[in-house]
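Where a number appears in this text, it was derived from the coordinates with a stated rule and is not lab data. Computed from a predicted structure; not experimentally measured. Using ideal geometry, Cβ is built from the backbone for each residue, glycine included, and neighbour counts are taken over all protein chains shown.
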Amino acid sequence: MSAAAREFPQITVRNLQRTVAVDLVELEKFAAKAVQRCMQSRRHKPTQLAKLREIFVLLISDRRMAALHRQFLNQSGPTDVLTFEHGEIFISVQTARRHARAFGNSLTRELQLYIVHGLLHLHDFDDRKQADARKMERMQKRILAATTGNR
């Protein structure tokens, strides 16, 4: 393993839902590039992302997401992405499909956005305050454009 390969956490994408078909191979290739882009974006201090050796992107159903959403944030219903500091990024594929249709994106593009969003949370970006959310959104767009070649 080269020194450059060891700089970045290993990322694995797992499909734990059966409702919506997804291209795991392409998502995992995208996720590996996105981790590198996130790590190359400057942060003034070491981030959670830099400390991780492994990241798991877990594609789940709305039902499972709603359970996690209630358990960890005490909120009802599914959400799109939940990120945990130990490197788990849960993504509801059914929510992604709904949002993709609503926003005119492909499902793949929506899932890519959620992967980047989760990675940025691990890279200490926050979206609770409006100014921070704008900063995070700008970085998401940069990483998506650099990773997919779409500007």
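Can you give the log10 of the normalised intensity I(q)/I(0) at q = 0.11, 0.16 Å⁻¹, computed with Debye over equal Cα scatterers of the chain? Debye intensities relative to I(0), on a log10 scale: -0.39, -0.87. Loop-resident trypsin sites (Lys or Arg not before Pro) (DSSP state other than H, G, I, E or B) in segment 73-130 with no more than 16 further Cβ atoms inside 10 Å of their Cβ: Arg128, Lys129.
Residue separation times 0.36 nm, minus the C-alpha to C-alpha distance between Leu24 and Phe56: what's the value? Mind showing how you got there, number by number?
Values: separation 32, 0.36 × 32 = 11.52 nm, distance 1.26 nm.
That pair, Leu24 and Phe56, stretches by 10.3 nm at full extension.
Per-residue extension of 0.36 nm, minus the Cα-Cα distance of His86 and Arg109, leaves a gain of 5.8 nm for this segment.
Model label sites at Lys45 and Arg63, defined 7 Å from Cα along the beta-carbon direction, differ in position by 4.2 nm.
Trypsin sites (Lys or Arg not before Pro) within segment 11-71: which are DSSP loop residues with at most 11 other Cβ atoms inside 10 Å?
Passing sites in segment 11-71 are Arg18, Arg42, Arg53.
Note on the chain: helix-only mean residue ellipticity at 222 nm, from DSSP H runs of 4+ residues weighted -39500 (n - 2.57) and normalised by residue number, equals -17500 deg cm²/dmol. Set the Förster radius R0 to 25 Å, insert the Cβ-Cβ distance between Asn74 and Asp126 as r into 1/(1 + (r/R0)^6), and round the FRET efficiency to 0.05. Taking R0 as 25 Å, the efficiency between Asn74 and Asp126 is 0.85.
Considering only Ala100, Ala32, Ala131, the Gaussian network model of the chain with Cα springs below 10 Å gives its largest mean-square fluctuation to Ala131. For segment 51-128, the square roots a ≥ b ≥ c of the C-alpha gyration tensor eigenvalues yield an a/c of 1.5 or more together with a/b not exceeding b/c, which makes the shape oblate.
Over the chain, what is the relative contact order in percent, taking alpha-carbon pairs closer than 8 angstrom and at least six residues apart? Intermediate values should be presented prior to the final figure.
Details: 226 pairs, mean separation 36.8, N = 151.
Taking the mean separation of contacting Cα pairs over the length of the chain, I get 24 percent.
Counting only residues at least eight positions apart within a chain, or on another chain, the lysines with an alpha carbon under 19 Å from that of Lys45 are Lys135.
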